[in-house]
Amino acid sequence: MIDLRSDTVTQPTTAMREAMLAAPLGDDVFGDDPSVNALQDKVAHLLGFEAALLMPTGTQSNLCGILAHCQRGDEYLVGSKAHTYRYEGGGAAVLGSVQPQPINQLADGTLLLADIAAAIKPDDAHFARSRLLTLENTWNGQVLPMDYIKAATDLAQQRGLMRHLDGARLFNAAVFQAGVDQSDPYAQARRIAQHFDSASVCFSKGLGAPVGSALCGSREFIARAHRIRKMAGGGMRQAGLLAAAAHYALDHHVERLALDHKHAARLAQGLAQVFADSDAAKRLGAAVEASPTNIVFVKLPNEATTALLDHLKAQGILATGLIGLRFVTHLNVNAEDMEQVISAAAQFFNTPHLTRTA
Ligand SMILES: *Cc1c(COP(=O)(O)O)cnc(C)c1O
């Protein structure tokens, strides 16, 4: 199977499993797990924060982050298509009585500064207290420009809001920007993160660890988040087994994200060519929505999406149509796989009985 549904489908490599097996372990609820402590120190240092906390998932990490910043009756400003608004079960509202204030999100993942400014409420009993701005980078594979991050987070700070980064794929953004200006991707990740009071990163996406995220912030903030994590059922015991995988991923799987981006670029270019060469694709309005990182969206009517997914699946290729037709590259797919996907798509769009049903 060529599985492009998500970069979460990766299997731990042999070397990663060996690092897990070799990890010294303790009970992290007692603060005793040396591998967890080493990972937390490493992530905090890497991203320029005082402290970090290992989390089982990015969802729990964002939840603990929002709840550590906000009280009941506060609100967080968030993109209308952001993970922390749409895809986390409404957790901040359900579990924290924190109201999300969604803000229209543009195709490049940004929120207009004027929309952010207009959404911040005055201190008046009618309103929830505007407390936090959350940004997502990358968003749908799009990389937020550095000058935009600075402008949006400066605005939030001037208006008295805290700033949280959902950096589930922060290292994809950092590797992309480091590739453009030939800088160090770790330093670039730190440059992005420094505009925020807290940041959440996932190890279980492109970095290829089986489980895990980290929340970073000040020592005091992480102490509050630690209490909330316990309340959310996230106090883990010999979690060093997982921390060792994340540690290995940070050491060995960051720079190679550039390869995932290259594969996605080839896939986007190949699919665009298929669409340009096919009358059926033109009739269906098929279009590629590429990103500079590891996610490729294809715009296609729903019935055609289903038909194409079925056709690909029959050829051993998996993608998802859940939030629009999406292909995500990662460390378990290679250049040859991209060529296979492109030829399977070409076969679909140039076979009349396949596209006619769509
Ligand atoms: C995956 C993801 C998360 C967290 O997901 P989990 O599956 O809970 O680890 C958060 N934000 C973004 C942008 C993501 O892509």
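The values are calculated or read from the model by the stated rules, or taken from the named source; none is laboratory data. Here the structure is a predicted model, which is why all the values come from computation and not from measurement. All Cβ positions, even for glycine, are placed from backbone atoms using ideal geometry, and neighbour counts span all protein chains on display. Side chains are part of the model used for accessible areas, which takes the heavy atoms of the whole protein and leaves out ligands, DNA and RNA. Shrake-Rupley method; radii C 1.70, N 1.55, O 1.52, S 1.80 Å.
Against the definition (small (Gly, Ala, Ser), away from the ligand (no atom under 16 Å from the Cβ), closer than 19 Å to Gly26 by Cα and open to solvent by 10 Å² or more (accessible area, probe 1.4 Å)), how does Gly235 come out, yes or no?
Yes.
Yes or no: Ala119 open to solvent by less than 10 Å² (accessible area, probe 1.4 Å), small (Gly, Ala, Ser) and in contact with a strand residue (DSSP E or B) (Cβ under 7 Å, 6 or more places away or on another chain)?
So Ala119 does not fit the description; no.
Of the residues in segment 2-31, how many are touching a Leu at 6+ places or on another chain (Cβ under 9 Å) and surrounded by 13 or more Cβ atoms within 10 Å (Cβ to Cβ)?
Number of matching residues: 12.
Residues that are open to solvent by 40 Å² or more (accessible area, probe 1.4 Å), free of Cβ contacts under 8 Å to residues at least 60 places away in the same chain and on the phi > 0 side of the Ramachandran plot: does segment 166-181 have at least one?
no
Identify, by number, the condition in (1) touching a residue at least 24 places away in the same chain (Cβ under 8 Å); (2) open to solvent by 10 Å² or more (accessible area, probe 1.4 Å) that Cys216 doesn't meet.
(2)
Over 27 Å from Met16 (Cα atoms) and touching a His at 6+ places or on another chain (Cβ under 7 Å), is that true of Phe348?
yes
Can you find a residue in segment 134-145 that is away from the ligand (no atom under 16 Å from the Cβ) and either in contact with a helix residue (DSSP H, G or I) (Cβ under 8 Å, 6 or more places away or on another chain) or at negative phi (or both)?
Yes: segment 134-145 contains one or more residues that are away from the ligand (no atom under 16 Å from the Cβ) and either in contact with a helix residue (DSSP H, G or I) (Cβ under 8 Å, 6 or more places away or on another chain) or at negative phi (or both).
Which residue pairs have Cβ atoms closer than 6 Å, lie 6 or more positions apart in sequence or on different chains, and pair a first residue in segment 48-62 that is farther than 16 Å from Ala189 by Cβ and open to solvent by 20 Å² or more (accessible area, probe 1.4 Å) with a second residue that is part of a loop (DSSP other than H, G, I, E, B) and modelled with pLDDT of 95 or more?
Once the first residue is farther than 16 Å from Ala189 by Cβ and open to solvent by 20 Å² or more (accessible area, probe 1.4 Å) and sits in segment 48-62, its partners that are part of a loop (DSSP other than H, G, I, E, B) and modelled with pLDDT of 95 or more give Glu50/Ser218; Pro56/Gly234; Thr59/Glu88; Gln60/Ala232; Gln60/Gly234.
Any residue at all in segment 100-109 that is at pLDDT 95 or above, over 23 Å from Ile192 (Cα atoms) and within 16 Å of the ligand (Cβ to nearest atom)?
Within segment 100-109, one or more residues are at pLDDT 95 or above, over 23 Å from Ile192 (Cα atoms) and within 16 Å of the ligand (Cβ to nearest atom).
What single numbered condition from (1) touching a residue at least 40 places away in the same chain (Cβ under 8 Å); (2) farther than 24 Å from Lys81 by Cα; (3) buried (at least 16 other Cβ atoms within 10 Å of the Cβ) fails to hold for Glu339?
Failed condition: (3).
Looking only at segment 320-336, decide whether some residue is over 21 Å from the mean Cα position of the chain (by Cα) and crowded, with 18+ Cβ neighbours inside 10 Å.
no
Just to check your reading of the model, which residue among Val78, Val143 is touching a residue at least 12 places away in the same chain (Cβ under 8 Å), more than 24 Å from Ile222 (Cβ to Cβ) and within 21 Å of the chain's Cα centre (by Cα)?
Testing whether each residue is touching a residue at least 12 places away in the same chain (Cβ under 8 Å), more than 24 Å from Ile222 (Cβ to Cβ) and within 21 Å of the chain's Cα centre (by Cα) leaves just Val143.
Where in segment 146-203 are there helices (runs of 4 or more DSSP H), lying fully within it, with 2 or more residues that are within 16 Å of the ligand (Cβ to nearest atom)?
Correct list: 170-181, 185-193.
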